[in-house]
1. Is it fair to say residue 58 is loosely packed, with under 15 Cβ neighbours inside 10 Å, part of a helix (DSSP H, G or I), among the small types (Gly, Ala, Ser) and in contact with a Ser or Thr (Cβ under 6 Å, 6 or more places away or on another chain)?
2. Restricting the search to the range 8-33, which residues are under 19 Å from residue 157 (Cβ atoms) and under 10 Å from the mean Cα position of the chain (by Cα)?
3. I'd like to check something: does the range 125-148 contain any residue that is under 17 Å from the mean Cα position of the chain (by Cα) and of a type in the set (Gly, Ala, Ser)?
4. Scan the helices (runs of 4 or more DSSP H) fully inside the range 97-188 and keep the ones with 1 or more residues being out of contact with any Leu (no Cβ under 9 Å at 6 or more places or on another chain) and under 27 Å from residue 3 (Cα atoms).
5. Could you list, in sequence order, the residues of the range 20-55 that are hydroxyl-bearing (Ser, Thr, Tyr) and surrounded by fewer than 16 Cβ atoms within 10 Å (Cβ to Cβ)?
6. Restricting to the range 118-158, name every residue that is in contact with a helix residue (DSSP H, G or I) (Cβ under 6 Å, 6 or more places away or on another chain), modelled with pLDDT of 95 or more and of a type in the set (A, V, I, L, M).
7. List the number of the failed condition for residue 26; all other conditions in (1) in contact with a Lys or Arg (Cβ under 7 Å, 6 or more places away or on another chain); (2) over 20 Å from residue 130 (Cβ atoms) hold.
8. How many residues are in a loop (DSSP other than H, G, I, E, B), in contact (Cβ under 8 Å) with a residue 60 or more places away in the chain and either farther than 19 Å from residue 90 by Cβ or not hydrophobic (A, V, I, L, M, F, W, C) (or both) if we restrict to the range 1-55?
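The values are calculated or read from the model by the stated rules, or taken from the named source; none is laboratory data. Model, not experiment: these values are computed from the prediction. No Cβ is skipped: glycine too gets one built from the backbone with ideal geometry, and neighbour counts run over all protein chains shown.
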Amino acid sequence: MPLVVLVGAPGVGKSTVQNVSLEQLQTVKPIKVAVFGDYMFEMARKAKLVENRDEMRSKIPRDKYRELQMKAAEQIARDAKDRSVIVNTHLSMVTSFGLIPGMPLEILKMLAPKIIVVIEADPSEIAIRQKEDKARERSDFGDAEKLREFQNYSRSCAAAYSVIQNVPVKIIINRQGRIRDAAAELTEVLKNVF
């Protein structure tokens, strides 16, 4: 079944855009939302590597992190065999060992998305959203300039993946107070894929 990879910096509004879009879509086809980090977190928590999702960026050794990524991708690929799936994830991750691809090449090949959708926003808006989100610990992203670098790296990853997998990339800007506009763009993409 078709699979869409939906990515963006933490705090960009990716999940909100996705949820509003799914409401707008009102499809009779069931669409599963697979939050890549949730799959990884459940495995890491069961292995007693972390207690919360935000610790994954700093407490898991790189080789173990990669192993968790692969296991999560395998589970999502199984889930996508019989239904349409949106994989909500990040194309890059801030870790204690630097920026890393959130979706290494073997994972991208395994999931074989029909399109990669990148949600972006002004980095200063993202920084404000991150500070206001008391449910998450995102101090490792820092200021607007670090978020700009993060978005640029993610955009570079999207371009590389697009070339390697021959898959289109759609960039949607989530402007402050304009969530419905961003969701409408995503809805059009999903209509064409699903």
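1. Yes; evaluated as a whole, the condition is true for this residue.
2. Hits for the range 8-33 are 8, 9, 10, 14.
3. Within the range 125-148 (the criterion being under 17 Å from the mean Cα position of the chain (by Cα) and of a type in the set (Gly, Ala, Ser)), the answer is no, since none of the residues qualifies.
4. 105-111, 144-165
5. 27
6. 118, 119
7. (1)
8. 8
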